[in-house]
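The next block holds one structure in the form of structure tokens; read it before the comments.
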Amino acid sequence: MTSGQADAILKVATQLFAALGYDGTSTRQIADAAGLNIATVNYHVGGKRELYLAVMEAAHRAEKAALERALARLPGDDPVAAIHRLADDYLDFCVDHPEVPALWMHRWLSDAGDITELERQYVQPLLGAVAAALRPAVEAGLIAAETDLDYTVWSVAWTVHGFAKGGVLDAEGRRRAAGDRAALRRFRAHLHQSLHRTLGLPGDPR
């Protein structure tokens, strides 16, 4: 199998797992969408479980790289602006890569329940890194001392994933996805206001 075929299988599997979940996706669906037979896909990727693990690892690597770039800019000359920029960077990543929040949201609904190590392996270290990066701002009195940093980070992840994957309903009941610039702008403003107030940051939301 060429690297192009391997990339095609991974891309198709990512799309199907993000849309249907692990439990709702079959190897036959992946093979058909990739234009290959099941035997070829199984031979080269080792089956659906192994392909799912490869998809989740690739999603984690992309998310980890984005967060590391964002965290490298903390605290900056303006710590409050840097915290808001961190939220912006994560929102932009999820909007640009909606398959990543979709994959994790399926797991929130008990998808792939027999594959239990991914949260401990991938999610917990990233959430811990963000909370640790914010802790100096608590010690400096910039973030309110009573703030639960772990739950704050989780809350941002929950809301950003929900918006990036499902969008919002407008006044007429129509779904406005993340690609809607007005909806994205409004959600971004709400995210900044919520984060600013939750952390007890000084000044006005940026």
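The values are calculated or read from the model by the stated rules, or taken from the named source; none is laboratory data. Remember, predicted model here, so these are calculated numbers, not experimental data. Every residue, glycine as well, gets a Cβ built from its backbone with ideal geometry; the counts of neighbours run over all protein chains shown. Note: areas computed on protein heavy atoms with side chains; ligands, DNA, RNA excluded. Shrake-Rupley method; radii C 1.70, N 1.55, O 1.52, S 1.80 Å.
Within region 58-80, residues that are free of Cβ contacts under 8 Å to residues at least 24 places away in the same chain reach partners that are buried (at least 18 other Cβ atoms within 10 Å of the Cβ) with beta carbons closer than 7 Å, at six or more positions or on different chains, in the pairs Ala70/Leu86; Ala70/Tyr90; Arg73/Ala82; Gly76/Ala82. Of the residues making up region 108-120, those that are in contact (Cβ under 8 Å) with a residue 60 or more places away in the chain and of a type outside the set (Gly, Ala, Ser) are Leu109, Asp111, Ile115, Leu118.
Within region 31-67, which residues are acidic (Asp, Glu), closer than 24 Å to Val123 by Cα and open to solvent by 40 Å² or more (accessible area, probe 1.4 Å)?
Across region 31-67, the qualifying residues are Glu50, Glu57.
Any residue at all in region 19-30 that's under 20 Å from the mean Cα position of the chain (by Cα) and either polar (S, T, N, Q) or open to solvent by less than 60 Å² (accessible area, probe 1.4 Å) (or both)? Within region 19-30 (the criterion being under 20 Å from the mean Cα position of the chain (by Cα) and either polar (S, T, N, Q) or open to solvent by less than 60 Å² (accessible area, probe 1.4 Å) (or both)), the answer is yes, since at least one residue qualifies.
Yes/no matrix, rows are residues, columns are (1) aromatic (Phe, Trp, Tyr); (2) over 20 Å from Glu68 (Cβ atoms):
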position: Tyr122; (1), (2): yes, no
position: Gly128; (1), (2): no, no
position: Ala137; (1), (2): no, no
position: Asp148; (1), (2): no, yes
position: Thr159; (1), (2): no, yes
position: Gly162; (1), (2): no, yes
position: Asp170; (1), (2): no, yes
position: His190; (1), (2): no, yes
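Applying the set (1) outside any helix (DSSP H, G or I); (2) open to solvent by less than 20 Å² (accessible area, probe 1.4 Å); (3) not polar (S, T, N, Q) to Ile83 leaves exactly one unmet item: (1).
Table: residues versus (1) open to solvent by less than 40 Å² (accessible area, probe 1.4 Å); (2) part of a helix (DSSP H, G or I); (3) at positive phi.
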{"site": "Gln124", "(1), (2), (3)": "no, yes, no"}
{"site": "Gly128", "(1), (2), (3)": "yes, yes, no"}
{"site": "Ile143", "(1), (2), (3)": "yes, no, no"}
{"site": "Val153", "(1), (2), (3)": "yes, yes, no"}
{"site": "Trp158", "(1), (2), (3)": "no, yes, no"}
{"site": "Glu172", "(1), (2), (3)": "no, no, no"}
{"site": "Leu195", "(1), (2), (3)": "yes, yes, no"}
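When region 96-112 is filtered for residues that are open to solvent by less than 40 Å² (accessible area, probe 1.4 Å), aliphatic (A, V, I, L, M) and part of a helix (DSSP H, G or I), the ones remaining, listed by number, are Val100, Ala102, Leu103.
Would you tally the residues in region 10-61 being hydroxyl-bearing (Ser, Thr, Tyr) and over 18 Å from Ile115 (Cα atoms)?
2
Within region 174-193, track down each residue that is of a type in the set (Gly, Ala, Ser) and either open to solvent by 80 Å² or more (accessible area, probe 1.4 Å) or assigned to a helix (DSSP H, G or I) (or both). Those that are of a type in the set (Gly, Ala, Ser) and either open to solvent by 80 Å² or more (accessible area, probe 1.4 Å) or assigned to a helix (DSSP H, G or I) (or both): Ala182, Ala183, Ala189.
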